[in-house]
Amino acid sequence: METWIILLRMLLTFIPALIFGFQRQRSHKLIGFGTFTFVAVGACGLAITAVNLGMGNPLPLLGSIVTGIGFLGAGALIRTTDKIFGFTTAASIWVFSIFGLLIGVGEYFIGGMTYLFVWIIILIDGFLEKNGVGSYHKKLFFEIKEKKSKEFNEFLKK
């Protein structure tokens, strides 16, 4: 494989993973730009290597990436008393390993569609959470009818 093709595949993996990871980090999610970028670029690099080695069947090697990243995703899950959080982050890190594999083996269209669908899912998920659908965040509204004390008013200003 020519060097410019390798560079193109690595860049086509690096830039989208960096953008997506930055969005997750900006949203204060457990896994941010570094992890997404490492996973996607690492998967891409291994896919390029597997193809370049001329192995008869590179699928077992590539499949091991998907399995291994499952353990990383499991680390993103947080359990509280009765709820588990982080499923979207865990699933998205797994999908980004697949994205890296797809670009690494030259499946640009499938990789691009995967990336597009991930963004659509994240945007819809964010919209639903902001509107209280599927979110564990509760909105608290209260009204103060009379001003009790100076200390209470100062507390509310904090």
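All of the numbers you see were taken from the coordinates with simple rules; none came from a lab. All values reported here derive from a predicted model rather than from experimental measurement. Here Cβ is always computed from backbone atoms with ideal geometry, including for glycine, and neighbour counts include all displayed protein chains.
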Return the sequence-ordered ³J(HN,Hα) values of segment 46-53 in whole Hz as given by the Karplus equation 6.51 cos²θ - 1.76 cosθ + 1.60 applied to θ = phi - 60°, using x for Gly and Pro. 5, 5, 4, 4, 4, 5, 5, 5
Could you derive backbone 3J(HN,Hα) for segment 21-35 from the dihedral phi with the Karplus parameters 6.51, -1.76 and 1.60 (θ = phi - 60°), listing whole Hz in sequence and x where the residue is Gly or Pro? x, 5, 4, 5, 5, 4, 8, 6, 7, 5, 10, x, 4, x, 5
When the charge dipole of the chain is computed with +1 at the Cβ of Lys and Arg and -1 at the Cβ of Asp and Glu, the Cα pointing farthest to the positive end, of PHE71, MET1, GLN25, is that of GLN25
Burial ranking of peptide ranges 18-29, 77-88 (average Cβ count within 10 Å, highest at the top): 18-29, 77-88
Number of Lys-Lys pairs in segment 3-157 under 23 Å by Cα, sequence gap 8 or more or different chains? 15
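Once you have the Cα-Cα distance between TYR108 and GLU154, take 0.36 nm times their residue separation minus that, and quote the gain in nm to one decimal. Could you put the intermediate results ahead of the total?
Details: separation 46, 0.36 × 46 = 16.56 nm, distance 5.78 nm.
Taking TYR108 through GLU154 to full extension adds about 10.8 nm, to one decimal.
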Sequence-distant or interchain residues sharing an amide H contact under 5 Å with GLY32, placed H: which? none
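Please order SER92, SER97 by the number of other Cβ within 10 Å, starting at the fewest.
Details: SER92 23, SER97 26.
Starting with the residue having the fewest Cβ neighbours, the order is SER92, SER97.
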